[in-house]
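These notes concern the structure reproduced below.
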Amino acid sequence: MAQRSAALLAFRSIGTAAALWVVIGVPVAALIAALRVSVWVIASLADMSAVAFILGAVQGLWLYLAGQRSESDYGGLLWFGSLSGGFLGVLAFPSVLSSTSIIAARPTVAVFLMAAIVGGVAAGLVSAHVLHLRLRGRSLTLGSRVAISGLLVIVLAAMDYRFFWPATAERVGASEVSRQEITSLSAGNARGSQWTGCYQYQGKTPLGMGGGSGLLKVAQTDGVLKVEDWSNSFLGGVDRNGRFRFGNEIATGPQTLRTIWQGKFHGNSFEFEKRMTVVNGVNALGTGPLTGTGQLIPCP
């Protein structure tokens with residue numbers, strides 16, 4: 001009978017916390033995120049609710065395992081609910097963002113992450129308050145409770161890393177190319193001219209929304225690189241291990257275009273990331289990065 005009561009209590013804790021996360025956490029997170037991109041919030045409500053339900057169930061189990069034996073433990077339980085809710089909010093962020101079809105600028109990503117954390121803290125605090133249970137006579141030892149909670153943390157973090165982080169990173173917009181990045185380009189410590197030649201490159205932008213290809217003519221003098229494409233010239237450097245950076249800044253009327261290439265040579269090929277930023281007055285617009293590879297070919 002006691003085991004049945006304990007199982008029922010655990011089930012009630014898990015179900016209650018899951019429901020509270022949907023009712024409390026999702027609206028709080030949605031309200032904060034909507035301050036930045038309201039359309040994204042509307043399209044993501046279903047995903048946010050599903051993730052909140054799952055993470056709320058996890059926190060309900062944590063609260064059941066933590067419990068308390070007297071009214072004096074109530075404040076500690078609230079602290080635990082808030083901190084664990086914020087942690088679960090961080091885990092919720094990549095699983096929701098990775099399911100969208102947007103490329104978010106870094107300030108927007110920061111707002112979304114803050115929304116996830118604050119929503120998790122709010123839901124965790126309310127859950128801890130509602131589940132202020134007097135849990136007595138449980139068979140689980142403290143070590144067992146810690147082991148179960150730690151295992152859940154590892155599983156959740158591993159799932160985030162395996163299934164959601166790569167897609168999340170693809171949806172984070174490239175950082176703007178600053179003037180300092182262009183002016184700080186310098187020669188590397190390479191020797192010789194082994195990477196001199198013409199390279200046919202091809203790349204794609206995040207989420208398969210576009211791509212680009214072309215020909216780069218590379219001239220290497222030790223660690224100094226001079227690179228040309230069909231219309232522009234770039235300066236930069238390369239190290240002995242093949243890592244390179246080159247770029248330029250071009251002013252055309254009221255606009256300034258800054259371009260940075262970075263990557264690594266591998267024998268007769270290279271991998272790269274190309275970032276561009278268009279500056280118009282005080283406004284700077286970064287485009288999605290172009291990532292891909294290049295292959296050495298005979299110069300035309």
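With respect to VAL28, determine if the residue is farther than 21 Å from ALA104 by Cβ and at pLDDT 85 or above.
Considered against the rule, which asks whether it is farther than 21 Å from ALA104 by Cβ and at pLDDT 85 or above, VAL28 comes out as no.
Taking the options ALA190, ALA169, name whichever one is in contact with a strand residue (DSSP E or B) (Cβ under 8 Å, 6 or more places away or on another chain) and among the hydrophobic types (A, V, I, L, M, F, W, C). Of the residues listed, the single one that is in contact with a strand residue (DSSP E or B) (Cβ under 8 Å, 6 or more places away or on another chain) and among the hydrophobic types (A, V, I, L, M, F, W, C) is ALA190. Name the one entry in GLY203, GLY188 that is assigned to a strand (DSSP E or B) and either touching a residue at least 12 places away in the same chain (Cβ under 8 Å) or exposed (fewer than 15 other Cβ atoms within 10 Å of the Cβ) (or both). Only one candidate qualifies: GLY203. Which ones in segment 193-212 are under 27 Å from the mean Cα position of the chain (by Cα) and over 14 Å from GLY263 (Cβ atoms)? Matches in segment 193-212: LYS204, THR205, PRO206, LEU207, GLY208, MET209, GLY210, GLY211, GLY212.
Put simply, of ARG171, ARG179 the only residue that is within 25 Å of ASN248 (Cα to Cα), basic (Lys, Arg) and modelled with pLDDT under 90 is ARG179.
Return yes or no: is ARG258 out of contact with any Pro (no Cβ under 6 Å at 6 or more places or on another chain), basic (Lys, Arg), surrounded by 15 or more Cβ atoms within 10 Å (Cβ to Cβ) and touching a residue at least 24 places away in the same chain (Cβ under 8 Å)?
Values: out of contact with any Pro (no Cβ under 6 Å at 6 or more places or on another chain): yes; basic (Lys, Arg): yes; surrounded by 15 or more Cβ atoms within 10 Å (Cβ to Cβ): yes; touching a residue at least 24 places away in the same chain (Cβ under 8 Å): yes.
In short, yes.
The values are calculated or read from the model by the stated rules, or taken from the named source; none is laboratory data. What you see is a predicted model; the values in this text were computed from it and never measured. When we count neighbours, we look across all protein chains shown, and the Cβ atoms used for this are built from the backbone with ideal geometry, even at glycine.
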